[in-house]
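Contents: one structure, followed by commentary.
The values are calculated or read from the model by the stated rules, or taken from the named source; none is laboratory data. Since we're looking at a predicted model, the values are computed, not measured. Here Cβ is always computed from backbone atoms with ideal geometry, including for glycine, and neighbour counts include all displayed protein chains. Areas reflect the complete protein model, heavy atoms only, side chains present, ligands, DNA and RNA absent. Shrake-Rupley method; radii C 1.70, N 1.55, O 1.52, S 1.80 Å.
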Amino acid sequence: EEAVEISGALFDGGNVNHPGTHFDVENARLWDLPETRVPIGVAVSGPASCALAGRGADLVIATEAKSGLLADFDRHGGTGKPRVGQLPVCYDPDRDAAIARAHEQFRWSVGGWKVNSELPGPESFAQATGLVRKEDIASAVPCGQDVDAFVDAVRAYT
């Protein structure tokens, strides 16, 4: 919550001071502000993050196609704010090559948000994903060149 508040204040311009629980910011400023304010998005995974996003973010990022996440976001002030669905996909005319690439880049997604949010660094991610097989990824991430598979995966977010 502090990070969202600080980031928003920096993009609003001026000097930012924030003596907080997790962050102490003293006289920080973005000198080269973009012409249009950068919207702050929060990825959500449950009621607490949905409440934070609804109260303090400019948009929500859903990493899973669960309508309850958006309902919680709306309940806490998110109604009318933009919504982004985040979905790993891997396109390649060679489906096996796509699966191999998805396994390399997205195998962390199979463990779920609760696992990922507790991992402190790259070594932990490597350990937690060491048993994820290519078959696991192929069933969780649309891979290859079948447009219908991509459309079906995105449709879940609508």
Item to check | Cα-centred dipole magnitude for the chain, charges only on beta-carbon of K, R (+1) and D, E (-1), debye, nearest 20 | outcome: 340 debye
Item to check | Computed lengthening from LYS66 to GLU123, 0.36 nm per intervening residue step minus Cα-Cα distance | outcome: 17.6 nm
Checklist entry - Say each of ASP92 and TRP31 gets a label point 7 Å from the Cα, pointing the same way as Cα to Cβ; how far apart are those two points in nm? => result 4.4 nm
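Can you figure out the FRET efficiency of VAL147 with LEU59, using R₀ = 25 Å and their beta-carbon distance, to the nearest 0.05? Mind showing how you got there, number by number?
Values: r = 27 Å, r/R0 = 1.08.
The value I calculate is 0.40.
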Checklist entry - Which value, in Å² rounded to 10, gives the accessible area of LYS66 with a 1.4 Å probe and all protein chains present? => result 110 Å²
Item to check | Long-range amide H partners of VAL84 with built H, under 5 Å | outcome: VAL60, ILE61, ALA62
Checklist entry - Using mean Cβ contacts within 10 Å as the protection proxy, how do 36-44, 118-126 order, highest first? => result 36-44, 118-126
